Ligand code: TZP
Ligand code: MG
């Protein structure tokens, strides 16, 4: 699967295997339900602490599913796992492997996304060749307690403006942190800068903890599509 230019980042599902979020459900079943709903366009498998062999096995199961639905699978942090299973790429944070090192290991065609909480981090990631940016944290969320910076939609907008001004208008962006079906439309419109808007929203609990992950993902996709229609 080719990298960022052909990837649809509209509804980007990030997984979480903690019991509080997954509520005793089986992660592949939840991911499959969200894919079957037709709303999810990217899946990121995020398991920071699991034993490597279990993470590799789960990554293979999720990749079999995402391939069936034609959706890219990215692995959070663990570049070696992405290399081993041959999925479409990785997502790395500011404290993870350097982008250049990840690019060496993955080769030129894989997606490498980077988290950015400030203009400086966003511009550096783009200069280093990030395939897309995950911007946030938008709102405080119990799903990630160590969030160093809550930037709100206005912080996202400032980063999008800076990207445009620096010539990175074509780097895709999603925002993350506390985004759900009740606030997604407002987040998308309030985050939009005059020349650059978000390409999508990244969500964890809004889909993973939902009674009906397929219906929620479809609703979210509708909101993203409507936000992209010019006034
Ligand atoms: N990075 C910033 S916030 C976050 C991550 C991985 C978690 C977002 O979870 P939720 O449940 O969508 O608020
Ligand atoms: Mg990380």
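Read-outs: derived from the displayed coordinates by stated rules, not from any lab. Quick caveat: nothing in here was measured; it's all calculated off a predicted structure. We place every Cβ from the backbone using ideal geometry, glycine too, and count neighbours over all the protein chains shown.
Only Cα pairs within less than 10 Å get springs; with that Gaussian network setup on the chain, which residue of 12, 168, 132 has the largest fluctuation? In the Gaussian network model the winner is 168. The fewest-to-most ranking of 182, 149 by surrounding Cβ atoms within 10 Å reads 182, 149. Have a look at 99, 160, 13 and tell me which one the Gaussian network model of the chain (Cα, springs below 10 Å) gives the largest fluctuation. Highest fluctuation of the listed residues: 99.
With the simple spin-label model, which puts each label point 7 Å out from Cα in the Cβ direction, the residue 67 to residue 225 separation comes to 2.8 nm. Across the chain, the mean sequence separation of Cα contacts (distance under 8 Å, 6 or more residues apart), normalised by length, yields a relative contact order of 24 percent. Using C-alpha pairs below 8 Å separated by at least 6 residues, the relative contact order for the range 101-231 is 21 percent.
The modelled label-to-label distance for the pair residue 48/residue 166, using points 7 Å beyond Cα in the direction of Cβ, is 2.4 nm. Exposure proxy shown here: for 228, 144, 104, 110, the number of other Cβ atoms within 10 Å sets the order, fewest to most, as 104, 228, 144, 110. Going by neighbour counts of Cβ atoms within 10 Å, the residues 91, 63, 195 line up, fewest first, as 195, 63, 91. Across the range 1-89, the relative contact order, built from alpha-carbon pairs under 8 Å that are at least six residues apart, equals 30 percent. Among 50, 93, 177, the residue with the largest mean-square fluctuation in a Gaussian network model of the chain, with springs joining Cα atoms closer than 10 Å, is 50.
Between residue 6 and residue 211, the contour length at 0.36 nm per residue exceeds the Cα-Cα span by 70.7 nm.
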